[in-house]
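The values are calculated or read from the model by the stated rules, or taken from the named source; none is laboratory data. Model, not experiment: these values are computed from the prediction. Ideal geometry is used to build each Cβ from the backbone, glycine not excepted, and the neighbour counts take in all protein chains shown. Ligands, DNA and RNA are excluded from the accessible area calculation, which covers all protein heavy atoms including side chains. Shrake-Rupley method; radii C 1.70, N 1.55, O 1.52, S 1.80 Å.
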Amino acid sequence: MKVCAIVGSVNRKELEAYKDGKFSSALKSRLYSRLESLILEENVGHFLCGMSAGPEMLASEAILELKKKYPRISLESVIPYEAQAARWNEELRDRYFKIAACCDRETMLQKHYSPDCLDRQDLYMIEKADIIISAWMQPTTRKDRDLSFAQKLGKRVIDITYQ
């Protein structure tokens, strides 16, 4: 059984676009289709997700929906630090905790925030996965670093660029 990690995030400005229901449902639909094809065609059975607002949360929600059809799959939340969602608005925090409650496993990488905790989270997931779904709104140094690390390890990367 293969493992797939979903990495991607939005910055504060992009978060406004993420809140747009049309944008969210279009991206979630693309993620759902891609995730289902990985389950059916490539025997992916375990998913790692960082739970960041944006594509990671949407992918987690899609995976939880897919679990209803494919109960053999599992979802692991990889949390960079304990208070990851503490400063988010109430709506996002509620979604975060709803998803977290449904995950099959939780891996918390460290107790407190550090400047490199999100980088460490991505690298952890990339290292553990066979396939990486990279979903970023725009190019960033973090995305470039993730893709470079994945290539160095010989991981297959599926780039889902969205706007």
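Key figures for this structure:
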item: Selection within the stretch 54-72 - part of a helix (DSSP H, G or I) and open to solvent by less than 10 Å² (accessible area, probe 1.4 Å); result: PRO55, GLU56, MET57, LEU58, ALA59, SER60, ALA62, ILE63, LEU66
item: Complete set of residues in the stretch 25-53 that are open to solvent by 10 Å² or more (accessible area, probe 1.4 Å) and either over 14 Å from the mean Cα position of the chain (by Cα) or without any contact (Cβ under 8 Å) to a residue 12 or more places away in the chain (or both); result: SER25, ALA26, SER29, SER33, GLU36, SER37, LEU40, GLU41, GLU42, ASN43
item: Filter result for the condition that a residue is modelled with pLDDT under 90 and out of contact with any Ser or Thr (no Cβ under 7 Å at 6 or more places or on another chain), over ALA101, ALA129, ALA135; result: ALA135
